[in-house]
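Quick notes on the structure that follows.
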Amino acid sequence: RRRGRWGSIGSLEGGLRGQGRGAEMDSPAQNDKVLVMLKATGDAPILKQTKFKVAKAEKFVFISEFLRKNLKIDNVFMYLQSSFSPSLEESIGTLHEAYAVDNKLVVNYSVKPAWG
């Protein structure tokens, strides 16, 4: 069974299906994924599911696309460590290695600028 690029914690069935580069659920590439936690900031809509496994090779822009699609908004501001916004071209794996807390990459998101 093929799934979108977002793995799941719990019962996530969403993601960006049908946009290529899908991964098999049972693939041995589980070590190629990292845990990402999305936290709403300010008046941003809250996701029902906040923890996801994402391929290390994905770019940070993938999270932006996911949030814009699932929250049905045009602009989203994303921050790491509640302070700065990394380049959209930075890989999730690199960001996880540098900024993970308790083995989770915590990404705060908002609909208006919140920090720096």
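Name the pairs: first residue in the range 92-116 and within 19 Å of N31 (Cα to Cα), second residue open to solvent by 40 Å² or more (accessible area, probe 1.4 Å) and acidic (D, E), Cβ to Cβ under 9 Å, at least 6 apart or on different chains?
G93/D32
Any chance you could count how many residues in the range 60-99 are in contact with an Asp or Glu (Cβ under 9 Å, 6 or more places away or on another chain) and within 16 Å of Y109 (Cα to Cα)?
Looking only at that region, the number is 4.
Restricting attention to the range 76-85, which residues are surrounded by 16 or more Cβ atoms within 10 Å (Cβ to Cβ), outside any strand (DSSP E or B) and not hydrophobic (A, V, I, L, M, F, W, C)?
Kept after step one, since they are surrounded by 16 or more Cβ atoms within 10 Å (Cβ to Cβ), are these residues of the range 76-85: 76-80, 85.
When the remaining residues are screened for being outside any strand (DSSP E or B), the result is 76, 85.
Scanning the range 76-85 gives a single hit, S85.
For (1) in a loop (DSSP other than H, G, I, E, B); (2) surrounded by 15 or more Cβ atoms within 10 Å (Cβ to Cβ); (3) modelled with pLDDT under 95, each residue gets a yes or a no:
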| site | (1), (2), (3) |
| --- | --- |
| D43 | yes, no, yes |
| K53 | no, yes, no |
| I63 | no, yes, no |
| F66 | no, yes, no |
| D74 | yes, no, yes |
| E89 | yes, no, no |
| H96 | no, yes, no |
| N108 | no, yes, no |
| A114 | yes, yes, yes |
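The values are calculated or read from the model by the stated rules, or taken from the named source; none is laboratory data. Values in this document were obtained by computation on a predicted structure and should not be read as measured data. For neighbour counting, all protein chains shown are included, and Cβ atoms are generated from backbone atoms with ideal geometry for every residue, glycine included. Side chains included, ligands, DNA and RNA excluded: accessible areas come from the protein's heavy atoms. Shrake-Rupley method; radii C 1.70, N 1.55, O 1.52, S 1.80 Å.
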